[in-house]
Structure formats: structure tokens, C-alpha cells
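Before any comments, here is the structure.
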Amino acid sequence: IISSPETPRRLADATALERLVKTIVNFFSKNIVSLYATKRTSYGKGSKTTEIKKHWKEIEGAIHRRLMSKALGISKLLKPLVEKRVLLTNELDSLMRVSRSLLKLQSSKVASIQVATVVLVTTICAAHPKRREDVLKILVDVWREISKQDRGKILKSFPLRSQEGSKIQISTALLLSAIQSMALDLSKQCDNIFEIQQDGIPSKVDKEEIRQQLRSIQSGTRTICQSFVLSLVRNISDNLTKCTGQSKNVLMTILEDLLLVLNHPEWPCAEHLILAFAAFFVKSLIQKNAMQQVALDALGEICTKVKRDGVAVTRAKI
């Protein structure tokens, strides 16, 4: 009832909301996060490893059938509460903590929950812009942990609607969405202007002010992308002193995701992030630091993609 769009914000009871958020966080922590935390610590070396993995596969299948639909319903319940800005700071903190834990899970079985988490966290960023910095720190932490693991294929679970069958990392999708959330409020203002004009009512909104906000958002986006790229690379390369095979794998997989969605209208931030990565890699070549080999490979991938897109555009006569 509280989540319903028809329910006025003033009717949201603080005590009921606190209990609700606490119950939801406990649900995810006890039923999903704790299970996979136990799974990670149970795997080891020796003759029992295959038997343990088989046992976990059975448990995971049972959990998926029993809990995933309920978990998705709960995630959808939270989104309107965030949009209404009725949650207190400590409640948002709890949601961010459990979201961080869900994003770290490495299993395709929880992909639907992780996609819902991306939507929820993006909504939090739009409603509470100061939380965007927290999200970017979470993403750096997630990729740093992956870079410390044994080298292996990095899971891609976020489906692309415009490219059937193609997927990117959950973390990449959240990175793009969190940064793009800067423009969500402005987008709503523009939609309102359009609807008012369609109804034949003169708009009182200053369009020049909208343009200034847009320029400010574009400038802010470039700054955030540059800062994030530097922070990420420093964290997975021991402050630019060492680049392991898995660190390179992490960077190249992120870049692969960004190049895949480049020029997709729903992911405009991909271009800004690619430019930020390219600027960093060019600088690495000049300074000849530990990232030099990765920089050569990455810049080669970027140039190949841009060249291929240019040829496609020419042939299509766009």
C-alpha cells in the first residue's frame, strides 16, 4: 500500500517503513547472500571438491525455484519507496549494504536479482545524488576483488535489449546507469515541458536554464568518468606498480562491455567512459608504467571498434 503511486508521501509511516526495510534486508542477507558466502568458503582442494560442487548445485537449484520470484517482487516494491524519498538515511544505508553483497555474487542463478538490484541502486542515485559516489566505490571494490582471484572467465549476466543474446557484466551496467542517473531529473523536466506543449498550454519553464543544466551534466559526467577510471586502475594494479593477468582481464572485459554498447542510445555514457579510458591509456604509454602493455592492447581494441563502426556507417549510407 505504501509503495502504491496513489498513496500520498505524507501517509508513509516511519516505523512501518523501518520494519519493512529491515525485514527485506534480512530476507536477502539470510536466504541469498549468506548461502553464497558459505559456498565460497566450502570450495577447496582435494577429492571432495567435486562432491561439494554437486551438492551446492542441488541447493542452488532449490533456492532458485523457491526464492527468486519472491525476491524479484520485493525488489520492485522498493523502487517506488525510493522514488518518493520516504526512506531515512539508515534505511538507505542498509539497502546499499545488501546491494553491495548481491552485486558481488558470482552465479548466473542470481542474475535476475542482480538486474533488479541495478534498477534499484540507479533509482537511489537519481533520488539521492550523494549516493552516487558510494555506488562507484562499491564497483571499484567489486572489480578489485575479482582482480585478486585466479584468472578465469568473468561472468556476464546483464542482457542487452537492443542486441538479443548479448550480455555485459552486471557491474558495467550499474556503472553506466549510476552515472547516467545524473540526467534523470532533467529528463523528467523535459518530458513535462513536452506534455504541456502538446496540451496547448504555454510552458513557464526556462528552456535556457534547461540547456545550462544539460551542459553542467555533460561536464560533470566527464569529470566523474575520469575520476572513476583512475581510481579503478589504481586499485587493481597496486597503484600502477603491477598489472597481473587477472587485472588485465578485468580491464579488458570492462572495455569489451563498453565497446559493445557504444552508440546504443540507451547507454550514452559508454562514450564518455571509453574516452576516459583512452586518455588514461595514452598517458600510460607516454609514462611507460606497468600498464603499458595493457594500454597497447586496449587502444588497439578501441581503434578497431571505431574503424569497424565507420565502415558500417559508410556502407549503410547513414
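A few notes on this one:
- Residue-wise HN-Hα couplings along segment 18-32, as the Karplus relation 6.51 cos²θ - 1.76 cosθ + 1.60 with θ = phi - 60° gives them from phi, are 4, 5, 4, 5, 4, 5, 5, 4, 5, 4, 5, 5, 7, 8, 10 Hz; Gly and Pro carry x.
- Label zone at Thr304, where the point sits 7 Å out along the Cα-to-Cβ direction: segment 261-296 residues whose backbone N lies under 13 Å: 296
- Mean-position separation - Cα centroids, segment 126-140 and segment 271-313, in angstrom: 26
- Between Arg222 and Lys153, the modelled label-to-label distance comes to 3.9 nm, taking each label 7 Å out from Cα in the direction of the beta carbon.
- For segment 215-283, accessible area per residue (1.4 Å probe, heavy atoms of protein chains only), Å²: 44
- For segment 230-284, a/c is not less than 1.5, where a ≥ b ≥ c are the root eigenvalues of the C-alpha gyration tensor, and a/b tops b/c. That puts it in the prolate class.
- Protection-proxy order for peptides 22-31, 277-286, each taking the mean of Cβ atoms within 10 Å per residue, highest first: 277-286, 22-31
- Across Asp141, Asp309, the residue with the most accessible area heads the list, and the full order at a 1.4 Å probe is Asp309, Asp141.
- Global form of segment 91-146, assessed from the alpha-carbon gyration tensor, a/c cut-off 1.5: oblate
- Prolate/oblate/rounded call for segment 127-175, Cα gyration tensor, a/c under 1.5 rounded: oblate
- Taking θ as phi - 60° and the Karplus parameters 6.51, -1.76 and 1.60, the scalar couplings of segment 272-283 work out to 4, 5, 5, 4, 5, 5, 4, 4, 5, 5, 4, 4 Hz in sequence order, x denoting glycine and proline.
- Scanning residues 5 or more positions from Ile168 or on other chains, those with amide H under 5 Å from its amide H are Ser157, Phe158, Leu160, with H placed 1.01 Å from N in the peptide plane.
The values are calculated or read from the model by the stated rules, or taken from the named source; none is laboratory data. Since this is a predicted model, take the numbers as computed values, not measurements. A quick note on method: Cβ atoms are made from the backbone with ideal geometry, for glycine too, and the neighbour counts reach across all protein chains shown. Please note that ligands, DNA and RNA were not included when accessible areas were found on the heavy atoms of the full protein model with its side chains. Shrake-Rupley method; radii C 1.70, N 1.55, O 1.52, S 1.80 Å.
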